[in-house]
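Engineer: Structure below; questions to follow.
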Amino acid sequence: MSDLKIEKPRIFYHKIKHILLPIFIIAIGGGSLVVLKAMKREPVKSEQLLEASAPLVLTEMIGLSESGITITVDGVVVPSREVKLAAEVSGRVLYTRDGCKVGNIVRKATDQEREVAGTVNLLIKIDPQNYELEVKRLTQEHAQAQDVIDELEVEIDNSKAVVDLVHEEVQLQKRHLNRVEKLRAKNVVSDTDYEEAKRTELAARNSLQKLTNESDLLKSRRKRMEHARDLVGVQLSRAKLDLSRTRIYSPINGVIVEDSVEKDGYVKVGDPLVTIEDTSAVEVRSNLRMEELYQLWQHAALTARKSQSESGVTQTNRHNLGYQLPQLPVNVRYELGGRTFIWKGKLSRYDGIGLDEKTRTVPCRIVVSDPEASAILVNGRPTDQLVGAPPLTRGMYVSIEIPLEGNVALLEIPEMAVRPGNLVWVVREGKLHGEKIRVVDTSGEQLLVELGASGLKSGDQVVTSPLSVASEGMRVRKKGEAE
């Protein structure tokens, strides 16, 4: 009986458990659904909170540069050319201008002075006696050959006159023979008379043929003598040329940098005499980095595109210079005694081809057509003081400035905007975007970067304030925006 009483409460509790447990689970699910619905608005609140807590940055708008850039490199002055004079004839040296010593200034002789054997700019004189005698001998031979030709001309004329006379004689004998033949046909003359007339006609023709042969022989002799005369004329021209080579003039305006001749010495053909360095123009040898050379190529390409657009020529996206440098003006600067001397030059050509294996730079040459300084600066300003200006000479270490203006696509960017690794943060639609740039000039207040080498464009807002943490797409607020 007691066991029955105990079993009934257990059954009652078991039924209550099966009824309440589903209700409890449903209540928990409903509560969770309510909680989830309440949490559905939380991301919006978090996003607004994130925007409100976005870091505040300073930005600056970038724009196109109108100043262009100036490529500055170092260089060393070298002579534009050196002329080595050698003896073209042999003989004893009779004269040298001021001893032809190193450092002597020489002037180029004019063609008129050379023709008249002038002595104003005469540099070296070799004993001309042997060559003068050779000229005289060949002159006489030439005159003698001409005399023989003149004699043959007279003989040819005389022979022609005799031939004409004999030709008339032959005509007479032919007519006489014709008459004799007619009379013979009528038995008026004998055979003996006919044969005599025939013999006389043959003799006249034989005489005419001999004179004609002699006349042809005279003409052949005349032609042979003309060739002999021309040959002597060539030898005479060579002798006169050798005689003129005994007087040596400088072919350029310059300075003697090497001498190998002394007065009263003997020289042979090919012996070196002096080496003259040209002073009418000089060159500067320099090396350009590939980045600098690329700027020159870009400037030339934009200049070509501008000219094509002005002329209406179909434009292309490539401009090849081949193995030539753009012919751009340059300034050559030299510092001395607190003064700056400036020469005008022109970018001329590559010094060879390819890159220097040691420096990985491109050798090039700059031509300065006037070694005299075009401007003198004192403290960066032109001076009206009397200043002793040096000429641009071999061995000077100079600074070369290549201005690129007008056709250079560059952007001006504040220095504070450039992060390590040439990275720039740009604010677009409230988010950060990183752009890699290529800086081409750092000399001014603003950095100049190449347009097109990155995604930057004119009008972009770049971040200039420090950023402790920055990532691509991070939200930021520009100063002045409402929070």
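Engineer: Which numbered condition trips up residue 264, out of (1) surrounded by 13 or more Cβ atoms within 10 Å (Cβ to Cβ); (2) under 26 Å from residue 132 (Cβ atoms); (3) more than 36 Å from the chain's Cα centre (by Cα)?
Structural biologist: All conditions are met except number (1).
Engineer: Please enumerate the residues belonging to the stretch 422-469 that are small (Gly, Ala, Ser), open to solvent by less than 50 Å² (accessible area, probe 1.4 Å), farther than 27 Å from residue 299 by Cβ and not in a strand (DSSP E or B).
Structural biologist: Within the stretch 422-469, 430, 465 meet the criteria.
Engineer: Got a sec? Which of 115, 195, 141 is surrounded by 14 or more Cβ atoms within 10 Å (Cβ to Cβ) and among the charged types (D, E, K, R)?
Structural biologist: Answer to the check: 141.
Engineer: Would you mind telling me which numbered condition in (1) on the phi < 0 side of the Ramachandran plot; (2) open to solvent by 30 Å² or more (accessible area, probe 1.4 Å); (3) modelled with pLDDT under 90 residue 337 fails?
Structural biologist: (1)
Engineer: Which of the following residues is under 23 Å from residue 152 (Cα atoms) and free of Cβ contacts under 8 Å to residues at least 40 places away in the same chain: 165, 177, 241, 218? Explain how you work it out, then say what you get.
Structural biologist: Details: 177 fails: under 23 Å from residue 152 (Cα atoms); 241 fails: under 23 Å from residue 152 (Cα atoms); 218 fails: free of Cβ contacts under 8 Å to residues at least 40 places away in the same chain.
Going through 165, 177, 241, 218 in turn, the sole match is 165.
Engineer: In the stretch 150-182, which residues are aliphatic (A, V, I, L, M) and open to solvent by 70 Å² or more (accessible area, probe 1.4 Å)?
Structural biologist: Across the stretch 150-182, the qualifying residues are 154, 165, 172.
Engineer: Could you tell me whether residue 419 is of a type in the set (Lys, Arg), within 30 Å of residue 62 (Cα to Cα) and open to solvent by 20 Å² or more (accessible area, probe 1.4 Å)?
Structural biologist: Judged against the criteria, residue 419 is a match.
Engineer: Pick out the one residue from 138, 85 that is modelled with pLDDT of 90 or more, out of contact with any strand residue (DSSP E or B) (no Cβ under 8 Å at 6 or more places or on another chain) and over 30 Å from residue 401 (Cβ atoms).
Structural biologist: None of the other options fit; the residue is 138.
Engineer: Specify the residue that is nearest to the chain's Cα centre (by Cα); the eligible residues are those in the stretch 234-261 that are of a type outside the set (Lys, Arg), over 13 Å from residue 82 (Cβ atoms) and part of a strand (DSSP E or B).
Structural biologist: Top of the filtered list is 249.
Engineer: Looking only at the stretch 214-230, count how many residues are of a type in the set (Gly, Ala, Ser) and either open to solvent by less than 60 Å² (accessible area, probe 1.4 Å) or under 54 Å from the mean Cα position of the chain (by Cα) (or both).
Structural biologist: 2
Engineer: Right, here's the next one. Restricting to the stretch 99-131, count the residues that are of a type in the set (Val, Ile, Thr), touching a residue at least 24 places away in the same chain (Cβ under 8 Å) and within 22 Å of residue 239 (Cβ to Cβ).
Structural biologist: Residues flagged as of a type in the set (Val, Ile, Thr), touching a residue at least 24 places away in the same chain (Cβ under 8 Å) and within 22 Å of residue 239 (Cβ to Cβ) within the stretch 99-131 amount to 2.
Engineer: Another question, then. How many of the residues making up the stretch 340-378 are open to solvent by less than 60 Å² (accessible area, probe 1.4 Å) and in contact with a strand residue (DSSP E or B) (Cβ under 7 Å, 6 or more places away or on another chain)?
Structural biologist: Residues that pass the stated criteria total 25.
Engineer: Can you confirm whether residue 103 is modelled with pLDDT under 90 and on the phi > 0 side of the Ramachandran plot?
Structural biologist: For residue 103, the condition - modelled with pLDDT under 90 and on the phi > 0 side of the Ramachandran plot - is met.
Engineer: Sticking with this one: Would you pick out the residues in the stretch 103-130 that are in a loop (DSSP other than H, G, I, E, B) and either among the β-branched types (Val, Ile, Thr) or in contact with a strand residue (DSSP E or B) (Cβ under 7 Å, 6 or more places away or on another chain) (or both)?
Structural biologist: Passing the criteria: 103, 104, 107, 109, 110, 116, 117, 119, 120, 121, 127.
The values are calculated or read from the model by the stated rules, or taken from the named source; none is laboratory data. Remember, it's a predicted structure, so these values are computed and weren't measured experimentally. Please note: Cβ atoms are built from the backbone with ideal geometry, for glycine as well, and neighbour counts cover all protein chains shown. SASA here: full protein model, heavy atoms, side chains in, ligands and nucleic acids out. Shrake-Rupley method; radii C 1.70, N 1.55, O 1.52, S 1.80 Å.
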